[in-house]
Amino acid sequence: MDETAPPILDPMTDSEAIRSKLNAMLLAAVGDPAHPFHWPIFASLGVDGTPECRMMVLRDYDAERGEFFLHTDHRSAKMEDIDANELSSLYFYDASLRLQIRVAGITDVHHRNEVTRKHFAALPEHAKAMYGVRTPPGKEIDIDAPFDVPPTGPVNLDSAYQNFAVVRVTSASADVLELHPTGHRRIVISLDSVELDLFKRIAP
């Protein structure tokens with residue numbers, strides 16, 4: 001961390017400037033695997049109430065609606081989790097900036113509809129192939145069995161698409177913490193100032 005760099009959450013009196021900075025960082029993370037916000041932690045409750053967290057990839061972000069889009073295999077156990085409890089959260093952390101963003105929201109799953117068609121079409125071929133593996137995620141396999149890998153030849157896109165799903169998390173606000181040498185800062189801020197212009201300074 002550059003100890004001389006000004007805080008991201010500054011000036012604390014300008015909510016629109018801070019909101020613009022945060023949204024710009026999240027949007028930049030969508031297409032950049034090197035961006036730390038590209039790899040958020042998705043947290044939910046299992047069907048039995050057990051807390052679950054998984055690293056996922058931020059595939060799209062709609063700043064105007066506060067919608068975060070992530071891809072998954074529809075055969076994954078997290079589908080049952082979301083069906084049982086639509087509440088989830090996303091955790092983003094940039095170690096270089098010591099900046100944490102926590103987002104809690106309503107989760108829904110898209111499968112074989114206009115949303116999934118759009119997202120699947122935008123994937124490169126190697127990424128589409130990942131959804132064509134025969135073994136569902138989380139299934140126990142024999143200890144000596146090789147891991148199922150994507151086919152190296154032509155991909156059965158129809159089969160891969162059947163397994164493809166898009167998880168959408170919709171949130172009205174974010175809890176943001178910055179650990180800065182000049183003093184820690186924490187706020188709760190709405191991601192969209194049109195529907196809800198929320199801005200609260202809270203103790204770190």
Q) Among the strands (runs of 3 or more DSSP E) contained in the range 1-85, which hold 3 or more residues that are touching a residue at least 40 places away in the same chain (Cβ under 8 Å)? A) 41-45, 67-73
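Quick grid of which residues meet (1) surrounded by 13 or more Cβ atoms within 10 Å (Cβ to Cβ); (2) charged (D, E, K, R); (3) modelled with pLDDT of 90 or more; (4) farther than 30 Å from L179 by Cβ:
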residue: A104; (1), (2), (3), (4): yes, no, yes, no
residue: H126; (1), (2), (3), (4): no, no, no, yes
residue: G138; (1), (2), (3), (4): no, no, no, yes
residue: D142; (1), (2), (3), (4): no, yes, no, yes
residue: V149; (1), (2), (3), (4): no, no, no, yes
Q) Does L191 qualify as being under 28 Å from D83 (Cα atoms) and at pLDDT below 85? A) yes
Q. Of everything in the range 35-48 that's under 21 Å from A77 (Cβ atoms) and of a type outside the set (A, V, I, L, M), which residue is surrounded by the fewest Cβ atoms within 10 Å (Cβ to Cβ)?
A. D48
Q | Flag for D81 being charged (D, E, K, R) and surrounded by fewer than 18 Cβ atoms within 10 Å (Cβ to Cβ) | A | no
Q: Could you tell me whether the range 62-78 includes any residue that is hydrophobic (A, V, I, L, M, F, W, C) and under 24 Å from E140 (Cβ atoms)?
A: yes
Q | Selection within the range 194-203 - in a loop (DSSP other than H, G, I, E, B) and either closer than 16 Å to M25 by Cβ or at pLDDT 90 or above (or both) | A | I202, A203
Q.
M55 - would you say it is more than 30 Å from D197 (Cβ to Cβ), at pLDDT 90 or above and aliphatic (A, V, I, L, M)?
A. yes
Q: Among the residues of the range 49-66, write down those that are within 24 Å of K128 (Cα to Cα) and surrounded by 17 or more Cβ atoms within 10 Å (Cβ to Cβ).
A: M56, L58, R59, D60, Y61
Q) Give me the pairs: first residue in the range 182-193 and over 12 Å from I18 (Cβ atoms), second residue of a type in the set (D, E), beta-carbon distance under 7 Å, and six or more apart or on different chains, which are they? A) H184/E178; D192/E64
Q: Read through the list (1) part of a loop (DSSP other than H, G, I, E, B); (2) β-branched (V, I, T); (3) out of contact with any Phe, Trp or Tyr (no Cβ under 9 Å at 6 or more places or on another chain), then give the number of the only condition that I106 fails.
A: (1)
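The values are calculated or read from the model by the stated rules, or taken from the named source; none is laboratory data. Keep in mind that what you see is a predicted model, and the values were worked out from it rather than measured. Every residue, glycine as well, gets a Cβ built from its backbone with ideal geometry; the counts of neighbours run over all protein chains shown.
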